[in-house]
1. Compute the FRET efficiency between E289 and H375 as 1/(1 + (r/R0)^6), taking r as their Cβ-Cβ distance and R0 = 41 Å, and round to the nearest 0.05.
2. For segment 188-222 and segment 19-60, write down the distance between their C-alpha centroids in whole Å.
3. Please list, by residue number, everything in segment 1-41 whose backbone N is under 20 Å from a paramagnetic label point 7 Å out along Cα→Cβ of N599.
4. Between R537 and A555, what length in nm is gained on full extension when 0.36 nm per residue of separation is reduced by their alpha carbon distance?
5. Taking R0 as 35 Å, what FRET efficiency do you get between K548 and D464 from their Cβ-Cβ distance, rounded to the nearest 0.05?
6. Return the whole-Å distance between the Cα centroid of segment 525-547 and the Cα centroid of segment 93-141.
7. Per the helix-only calculation at 222 nm, which mean residue ellipticity applies to the chain, given -39500 (n - 2.57) for every DSSP H run of n ≥ 4 and division by its residues, nearest 500 deg cm²/dmol?
8. Calculate the radius of gyration of the Cα atoms of segment 515-607 to one decimal place, then report Dmax, the largest Cα-Cα distance, as a whole number, both in Å.
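The values are calculated or read from the model by the stated rules, or taken from the named source; none is laboratory data. From a predicted model like this one, the values you see are computed outputs, not experimental measurements. Cβ: placed from backbone, ideal geometry, glycine included. Neighbour counts: every protein chain shown. Side chains are part of the model used for accessible areas, which takes the heavy atoms of the whole protein and leaves out ligands, DNA and RNA. Shrake-Rupley method; radii C 1.70, N 1.55, O 1.52, S 1.80 Å.
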Amino acid sequence: MCGICGVVGRRHATPIVFEGLRRLEYRGYDSAGIATLVDGRVERRRAAGKLDNLAALLKKSPLPGTTGIGHTRWATHGAPTACNAHPHGTERVAIVHNGIIENFETLRRELEAAGQVFETETDSETIALLVDYHLQQGLEPKEAALRALRRLEGAYAVAMIFAGHEGLMIGACHSAPLAVGFGDDEMFLGSDSLALAPLTRRIAYMEDGDCVVITPKSAEFMNFDGAPVERTIQLTALAAGSIGKDGYRHYMEKELHEHPLVIGQTLQRMVDPASRRVILPELPFDLAEVPRAVITACGSAFFAGMIGRYWLEEIARLPVDIDVASEMRYRNPPLTAGSLGLLISQSGETADTLAALRSLREKAIHIASVLNVEHSTMARESDVVLGTVAGPEISVASTKAFTAQLTVLACLTIATARARGKLDTLAEEHLVSALLDLPSRAAEVFNQTDAIRAMAQVVVEARDVLYLGRGSMFPVAMEGALKLKEISYIHAEAYAAGEMKHGPISLIDRTVPIVATVPSNALFEKTLSNLQEAKARGGRLLVFTDTKGAERVSAIAEQMVVLPHVHDFVAPILQTIPVQMLAYEVAVLKGTDVDQPRNLAKSVTVE
Ligand code: F6R
C-alpha cells in the first residue's frame, strides 16, 4: 500500500527518489519522506499529506547526497503525521517500510528495556531501532540488518541506508513486493516496477525471504541467514511514457477511455480470431475434470468474479462457490480437492486474496489467478496465471482492469464449457464473435458522454443512491455503487432488482435517485416491472439500456443512456463502462480528489 523508492549511485538522489515517489503516490498518499546521506550523516525530511507538502519542505530545506531512500505512506499504525512518516531512524540508520510488523509490540518492549527510545507510534520504527541496536553492538550494516530481519514477523518490504556508508543500501522483503533496478553505475530499489520505469528497464524481482545488499555497481542477493541466492535480471516492458495522463484530466478518465484497448489486448492473448476459438495458456489440470469452482477476490475484482459465476454456471454448467477473500480465508468451507480456485486481483498483492489463495492451496485446490500485475506475489504462488492485459492502472478506483478481468473470465467460461462438452464449435464461434465485436462497441459508449454527464447532474445532488440490476447486471450495479461511494463520497447501495420490494423500497422518494442497468435480455421485462414499482413511489429513474430496450425504457425513465445492443453474454462488460463513467462525472462535479480518494490505497497489502 505504501511506496518505496531508493537509489545509490553518482547522481543527486533526492530528485530521483522524489520522482519515483510521484509514480508510487497512487499506492498511499497520507504522508511522505526521504532520507539521504549527507557527508556520511543520515538526514531526513518528512511531511504529512500529499507529496506536494514534501516538495515544499525540500525546497526550503534541500537534501543533497547520492544515497537515498523515500516512502509514501498509507497509515496503519499511528496517525498520518510528519513524525509517523517514513523514513524512520536514528543517527546510524534510516529505513522505509511497506507492510505490517506483527510482533512489533514484543520487539518494542525488548528494545525499550535495552534503552532504545521510540519517537513514533508506528510498527515500522521497530525495524529501525532493532537494526540500530545491532549497529550499536558493533555489527556491520549487513550483519545488523540480517540479525534484525530474522526477528521480524509479518509482511514487509524494507530499504535501509547507514551513516558512514555512502553507496550502500540494503533491501529485504517477505510477503510484500520489492524490485531491484540495475542502472549504469547506479542501482535502484522500488516497491514496484512503475517506480523504476523511467530509470531502468533491467529489473530483478525479489522473492519472499530475500535480502539484497546494493552498491552502485552490484547487487548481492541472499536469504536472511546470509546464504547467497540467484535472482535473474529481466527486461521490463514498461516505458516511462505509459504512465502519463496523456492529456486527460485524471488517470481515471484516461483509464476509462482505455476500456476498448484493454479488452482487445486481452482477447488477443486468449482468442484465435481465424478459428474463433479460445486458446488459454497451458493449464496444469484438466478443465473437464474439475468438479466445482471457488471464486474469491476483494472489491471490484469480487464483482467481476460474481459475473464470472453467472457465466460459469449458466454456460459451462459448473457449480461455483464465491465469497469475498476476507471471509473466504477464515470461513473454512468444505471444498472438494481438485476443484478450480479462481483468484482475481488487479495488483496480485491484496493481502486477503493472497491469504485466501494460500488457504485454498492447503485444501488441494488448483489455483488459477486472473491478474494484471505480472510479477506479483500471487502470480508466483499460482498454478497458472490468466493475465489481463490492462497495463498499469494508476487511478485508485479500478476501471479498465475490471473489464479486462471480465474478458478473461468470459474466455475461461468458453474453454470450460467446451471441455465439459457443454458448447459445440458453432456455439463457441458465436460467443467468441460477440467478444471480438466488443472493443468497437465499447468505443461507441463514449458517444454517450453527454447523456452520462446529464445523469451526473442529478446524482451529484443526492445523499443516497440506489443501484439496481438483475442477473449478471446485479454485479454491474454493485460495481457502479462502489465506484460512486469510493470517489464521490455519496452513499450508494446496490440491490438485485427483485429484492427491492423486500426492504429498500421504503427508501424511495424524489431525493433517492435509482440507477438501473437494463439491457434488453431475458430479464428485461422483470427489471422493468421493478422500475415501474419504484416510479409509482416517486422514484427518479436513471437507466442504462441498449438500442433494443430504449423505446420501452424511455416511457418510464427520467433519463437514459442508450448503448449499442450486444450479445447477452458480453452485455455486462459493456454496461460496466457507463456506470463507471457516471461515478467519474459525479466526482468531477463534486470536485473530489478523483484519482486518490480519501482513506483509500491502490493495493491493499494489509488485512
Ligand atoms: C474499487 C477498487 C477496489 C479493488 C480491491 C481489490 O475501485 O479498486 O475495490 O478492486 O481493493 O484490489 P485488487 O484487484 O488489486 O486485488
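1. Between E289 and H375 the formula returns 0.85.
2. Going from one Cα centre to the other spans 20 Å.
3. Only 1-2, 26-31 fall inside the zone, counting backbone N under 20 Å.
4. Computed gain between R537 and A555 is 4.9 nm.
5. 0.70
6. 59
7. Result for the chain: -11000 deg cm²/dmol, rounded to the nearest 500.
8. Answer for segment 515-607, Rg first and Dmax second: 16.1, 48 Å.
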